[in-house]
Amino acid sequence: MKQLFYIYCLCLAMVFAACTNDNTEQTPKVVATPTNIKAYDGVGRVRILWSQNTDDAIAKTMIYWNDRNGSATHTPKQTSQQGIVRDSIDIKEILEGVYTFEIVNYDAKNNPSEAKTIQAQVYGEDYIAELATRPIEEVAFDKHSNKATITWQEGWNKGLGTEVQYDDAS
């Protein structure tokens, strides 16, 4: 009977030992993903903007392009402001073309966030050479109000504006 009692106690001890939490692995911390990403095309450059939560421990943001053959590192702004802030980077001296950019946050242990992607176009000499001038349709001068009015022909649908240079001398 004593032997049965010892076996029972041994089994009970094994059950309790098996139930203890010996899990020394920690669940990896999820690094915050950049949000509200926008990209602005440019001549020889691209500007990328995103939102970041200042409460998240972001050590750096990496911007990748060309299947991660090109990259830029950005250190988040140090700010006393709490909550969501906008951050940005200008990627300069990049060849003309359309690019897909990946934006990834990293914490101090180099754990990455989920990658977010956005496309942007870098303009260059080839693009500029294809731009057409916007012809003038009509010029009118009202001598009573001393005002000149220029009516332009239909513009290119992707143009942001027209730069007019004139000489005020007679």
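The values are calculated or read from the model by the stated rules, or taken from the named source; none is laboratory data. Owing to the predicted nature of the structure, the values given are computational and were not obtained by experimental measurement. Heads up, the Cβs are rebuilt from the backbone with ideal geometry, glycines too, and the neighbour counts pull from every protein chain shown. SASA here: full protein model, heavy atoms, side chains in, ligands and nucleic acids out. Shrake-Rupley method; radii C 1.70, N 1.55, O 1.52, S 1.80 Å.
Multiplying the residue separation of ILE128 and LYS77 by 0.36 nm and removing their Cα-Cα distance gives an extension gain of 14.9 nm.
Using a 1.4 Å probe and counting only protein heavy atoms, arrange ASP126, ASP107, ASP67 so the residue with the most accessible area comes first. Kindly include the intermediate steps, with their values, before the conclusion.
On the way: ASP126 105, ASP107 20, ASP67 145 Å².
Accessible-area ranking of ASP126, ASP107, ASP67, largest first: ASP67, ASP126, ASP107.
Taking 0.36 nm per residue of separation and subtracting the Cα-Cα distance, what length does fully extending ASN53 through VAL85 add? If you can, show how the numbers build up before the last one.
Details: separation 32, 0.36 × 32 = 11.52 nm, distance 0.63 nm.
Result for the pair: 10.9 nm of gain on full extension.
Of all the accessible heavy-atom surface of region 35-101, with the other protein chains kept in place and a 1.4 Å probe, what percent is carbon and sulfur? All intermediate terms of the calculation are to be shown ahead of the outcome.
Details: 1790 of 4040 Å².
Carbon with sulfur: 44 percent of the solvent-accessible area.
With all protein chains in place and ligands, DNA and RNA left out, the 1.4 Å accessible area ranks LYS38, LYS77, LYS60 as LYS77, LYS38, LYS60, largest first. Using a Cα-Cα cut-off of under 15 Å, which aspartates and glutamates could be cross-linked to LYS60, ignoring same-chain neighbours fewer than 8 residues away? Partners found: ASP87, GLU102, ASP107, GLU114.
Sort ILE103, ILE84 by accessible area with a 1.4 Å probe, largest first. Provide the component values of the computation, followed by the final result.
Values: ILE103 0, ILE84 105 Å².
Heavy-atom accessible area, descending, gives ILE84, ILE103.
Computed from backbone phi, the HN-Hα couplings of region 85-102 come to 10, 8, 10, 7, 8, 9, 9, 10, 6, 10, 5, 4, x, 9, 10, 9, 9, 10 Hz, rounded to whole numbers (Karplus: 6.51 cos²θ - 1.76 cosθ + 1.60, θ = phi - 60°; Gly and Pro given as x). Packing, as the average of other Cβ atoms within 10 Å across residues, places the peptides 45-52, 135-142 in the order 45-52, 135-142, highest first.
Coupling constants for region 109-123 follow from the phi torsions by the Karplus curve (6.51 cos²θ - 1.76 cosθ + 1.60, θ = phi - 60°), and in residue order they are 8, 6, 7, x, 8, 5, 7, 10, 10, 7, 9, 8, 10, 9, 8 Hz; glycine and proline get x.
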